1. Cross-link list Lys136/Lys250; Lys26/Lys97; Lys203/Lys260; Lys45/Lys167; Lys203/Lys259: which exceed 31 angstrom alpha carbon to alpha carbon?
2. Find the Rg to Rh ratio for region 182-288, where Rh is the Kirkwood radius over alpha-carbon pairs and Rg uses the same atoms.
3. Amide H of Ser223 versus every other amide H placed in the peptide plane: which residues, excluding those fewer than 5 positions away on the same chain, fall under 5 Å?
4. In whole angstrom, note down how far apart the Cα centers of region 58-118 and region 181-235 are.
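Rule-based calculations on the coordinates, nothing more; no lab input. The structure displayed is predicted, hence computed values, not measured ones.
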Amino acid sequence: MFKKQLILLAGIFAALIIILGSCKSKYEKLKASNDNAKKYAEAIKLYNKKEYTKALGLFDGLVTRYRGYAEAEELFYDYAYTNYKLKDYTSARYHFKNFADTYPSSARAEECRFMYAYCYYLDSPIFSLDQDNTNKAIDALQLFINLYPKSDRVAEASKLIQNLRDKLEEKSYANSKLYLTISNYQSAVISFGNTLRDYPDTKYAEEIEFLTIRAQYMYAEHSRELSQETRYNQAINYADQFIEKYPSSKYLQEAQNYKKESKQGIQKAKNVLAEALYNPKIEKKIDRQKDTVKSQPSSEKDNGGKKIP
């Protein structure tokens, strides 16, 4: 009895292999054939059944053969969307743009121009990575708005642009904080300023302006005595601006402390410089210092108390 069941199962398995094999060979046979009309019809069927990989296999062999024919417009449109459905956004955006450039008068040109930009949007990575595609997405979406200002898709395009700009803002903010974290204080001050300039309405404005005080103070503290007064004064200026602008800030006390310590730093530097007038060793030490600022280790403790020249 068991032996008969085993033979029956083996027969069913063999039949399935034959059936599956014949289906595959039928697809491969069609793919290799010159029956373009039948191939196109089957590609559309496969696309509608969401078998996009198989559909693409048939479309690949048709795009060059249909070029210049009336059917090409429909084919190129379907081909672009097949790549899109497979999440190959690099290929999809190329074919969407190609369609819009080739058929600018088509009723689908506007849609394909938008999809070209949208594929760039989908290829925009997280903020910590290179943002080349993010910038290209913004440019493509803005171009779409300029070309089709009355389009129903303008509102969506504008929203996507804002999402992308938020990502660039996040990256700029994170990069600025990184300079402070690795103790490259001068670069931190410059980078914080650039972030505020590029994104004046940033939600991080208060924190950035406070961190600018901290970075400038640390920059002054690790500088040579000859440069400290100017750099501490800049920290005081940043603190004064912050205190006036954010009188209820949670960073208010710290900002006031940096202002106080900057004044003390100025006095200390003046004392050292005054002493150098009468102490040749101190004067020689100061003269040997170079006015070149370099990135410092992330830990001030590891810096051994050394000053930035």
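1. Lys136/Lys250; Lys26/Lys97; Lys45/Lys167
2. 1.07
3. Sorted by chain and number, the residues that satisfy this are Ile308.
4. 50 Å
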